[in-house]
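> I have a structure here, written as structure tokens, and I will follow up with some questions on it.
We did not get these values from a lab; they are worked out from the coordinates using the rules stated. Please read all numbers here as calculations on a predicted model, not as lab measurements. Neighbour counts are summed over all protein chains in view; Cβ atoms, including those assigned to glycine, are modelled from backbone coordinates with ideal geometry.
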Amino acid sequence: MTYTFDWANTGDPAKDAVLADTEQRIKAVDMAIAEQNPLHTTGVTRFYDADVTVDKDGTAALVYCEDQGKAYNKFLETGQVDVTPVSKDSYVVYAAALRKNENGVWVTERLSSQRGSARCRP
């Protein structure tokens, strides 16, 4: 799986840290799932249109989009890739609530998603 994060640096160190730590969370969760499942994802998934707000109390909110149009299921036992056509459901919007922990890492505390979001579709 290849990831593309089309998130420009904001110039705000706290917001940029939220984006960087979210990238690491996405990759870590996907790796944990992949190591337990004979069905992997292959291809490219793109993350974009990030909107970050950081509060003085050490919390943050992040809304972002994911384009799964070029990401496919791959069956490890057979090597078969299930190529599916792009549809409105290929686009997902996420809303995350984060808190900065004692080590300075932005930890996602809540995450919701909506597949087929008009916000994320071209």
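> Can you figure out the FRET efficiency of ASP16 with THR84, using R₀ = 35 Å and their beta-carbon distance, to the nearest 0.05?
My answer for the efficiency is 0.55.
> Please label the shape of the chain as rounded, prolate or oblate, based on the square roots a ≥ b ≥ c of the eigenvalues of the alpha-carbon gyration tensor (a/c under 1.5 means rounded; beyond that, a/b larger than b/c means prolate, else oblate). Intermediate values should be presented prior to the final figure.
On the way: a/c = 2.46, a/b = 1.63, b/c = 1.50.
Note, shape of the chain comes out prolate.
> A follow-up question, please. Could you tell me how many degrees, from 0 to 90 and to the nearest 10, lie between the Cα long axis of helix 13-34 and the main elongation axis, the longest principal axis, of the Cα atoms of the chain?
30 degrees
> Calculate for the chain the 222 nm mean residue ellipticity that helices alone would give, adding -39,500 (n - 2.57) per DSSP H run of length 4 or more and normalising by residue count, nearest 500 deg cm²/dmol. It would help to have the intermediate numbers written out before the result.
Details: 1 runs with 22 residues, N = 122.
Result for the chain, helices only: -6500 deg cm²/dmol.
> Tell me which trypsin sites (Lys or Arg not before Pro) from the stretch 92-122 have a DSSP coil assignment and no more than 13 other beta carbons within 10 Å of their own.
Details: sites: ARG99, LYS100, ARG110, ARG115, ARG119; in loops: ARG119.
Answer in residue order: ARG119.
> Related question: Mean separation of Cα pairs under 8 Å and 6+ residues apart, divided by the residue count of the stretch 56-122: what relative contact order is that in percent? Mind showing how you got there, number by number?
Details: 115 pairs, mean separation 23.5, N = 67.
This gives 35 percent for the stretch 56-122.
> With respect to the cross-link table entries LYS56/LYS100; LYS15/LYS88; LYS15/LYS100; LYS15/LYS56, which display a Cα-Cα separation exceeding 19 Å?
From the list (LYS56/LYS100; LYS15/LYS88; LYS15/LYS100; LYS15/LYS56), the Cα-Cα distance tops 19 Å for LYS15/LYS88.
> Then there's this: Report relative contact order for the stretch 2-115 in percent, whole number only (criteria: Cα-Cα under 8 Å, sequence separation at least 6).
24 percent
> At 0.36 nm per residue, and after removing the present C-alpha to C-alpha distance, how many nm does the segment from THR4 to ARG121 gain when stretched out fully?
Gain on extension, THR4 to ARG121, equals 40.5 nm.
> Within the stretch 1-77, which GluC sites (Glu not before Pro) sit in a loop by DSSP and count at most 15 neighbouring Cβ atoms inside 10 Å?
Those satisfying the criteria are GLU35, GLU77.
> Assigning unit charges at the beta carbon (Lys, Arg +1; Asp, Glu -1) and nothing else, what dipole magnitude in debye, to the nearest 20, does the stretch 2-115 show about its Cα centre?
On the way: 12 positive and 18 negative charges, 26 e Å.
Taking the Cα centre of the stretch 2-115 as origin, the dipole is about 120 debye.
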